[in-house]
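Okay, so here's the structure we're looking at.
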Amino acid sequence: QTDFGAFGIYPRTTIGLRGILFAPLIHANIQHLISNSAPLFLLAVLILYFYPRVAVRSLAMIYVLTGVAVWLFARNVFHIGASGVVYGLVSFVFWSGIFRRNLKSIILAIIVTFLYSGLFLGILPNQPGISWESHLLGGLAGIITAYWYKEEIEADENSEQAKLEEQEPEQSFFLNRDVFEKTKTERSREQQERGW
């Protein structure tokens, strides 16, 4: 049986640099893999849907920043797993809404925070065998990324809104627009005046 843990991040060593690329792909066991895969997939889909212009760059930035930060600042043990990236994605969604003061993004941030509220315990150094540094530093990478792309996200949303306003078709309705504003007698009188 091969131990892929050696391909994780080992802080401040040359051999540990490869972990920046490989650590999020390596997991201790199947349970570890599953517990990271579901939120990683959901958050990636959310970011791709709500922030399409910066999604791929944001995901890459969080991935790399988390790895580099763990390599620079974490304890001298091997760090593996995608949970640091997951924390980064949660943090990105949350802080993107806060930095831009955008109602849609804030609501999305509240939903994500509610779904992953248990994650906040993961940044505390209280569980053996858990890389709390990856969690904390991934969260910080998400904050940095949200701040870095806030203006580009804002510009993208403004241009989308302008396109929607330009393309609004003239609407036709089954009932008259004033159907609830006038009585039947008033509408009948109005039709007689028009000669209907």
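The values are calculated or read from the model by the stated rules, or taken from the named source; none is laboratory data. As the structure is a computational prediction, the values presented were derived from the model and not from experiment. We place every Cβ from the backbone using ideal geometry, glycine too, and count neighbours over all the protein chains shown.
Among the residues of the stretch 166-174, is any out of contact with any Asp or Glu (no Cβ under 7 Å at 6 or more places or on another chain), under 20 Å from residue 69 (Cα atoms) and either modelled with pLDDT of 85 or more or surrounded by fewer than 17 Cβ atoms within 10 Å (Cβ to Cβ) (or both)? Checking the stretch 166-174: not a single residue is out of contact with any Asp or Glu (no Cβ under 7 Å at 6 or more places or on another chain), under 20 Å from residue 69 (Cα atoms) and either modelled with pLDDT of 85 or more or surrounded by fewer than 17 Cβ atoms within 10 Å (Cβ to Cβ) (or both). Exactly one residue among 106, 143 is modelled with pLDDT under 90 and either touching a helix residue (DSSP H, G or I) at 6+ places or on another chain (Cβ under 9 Å) or assigned to a helix (DSSP H, G or I) (or both), and that residue is 106. Please indicate, with yes or no, whether at least one residue in the stretch 109-128 is touching a residue at least 24 places away in the same chain (Cβ under 8 Å) and touching a Lys or Arg at 6+ places or on another chain (Cβ under 8 Å). The answer is no, given that none of the residues of the stretch 109-128 is touching a residue at least 24 places away in the same chain (Cβ under 8 Å) and touching a Lys or Arg at 6+ places or on another chain (Cβ under 8 Å). In the stretch 72-104, the qualifying residues are those that are more than 28 Å from residue 155 (Cβ to Cβ) and of a type in the set (Gly, Ala, Ser), and the one that is surrounded by the most Cβ atoms within 10 Å (Cβ to Cβ) is 84. Checking the stretch 15-25 against the condition returns no match, with no residue being small (Gly, Ala, Ser), modelled with pLDDT under 95 and in contact with a Ser or Thr (Cβ under 9 Å, 6 or more places away or on another chain). When every residue of the stretch 17-37 is checked against the conditions, none turns out to be assigned to a helix (DSSP H, G or I), in contact with a Lys or Arg (Cβ under 9 Å, 6 or more places away or on another chain), on the phi < 0 side of the Ramachandran plot and not small (Gly, Ala, Ser).
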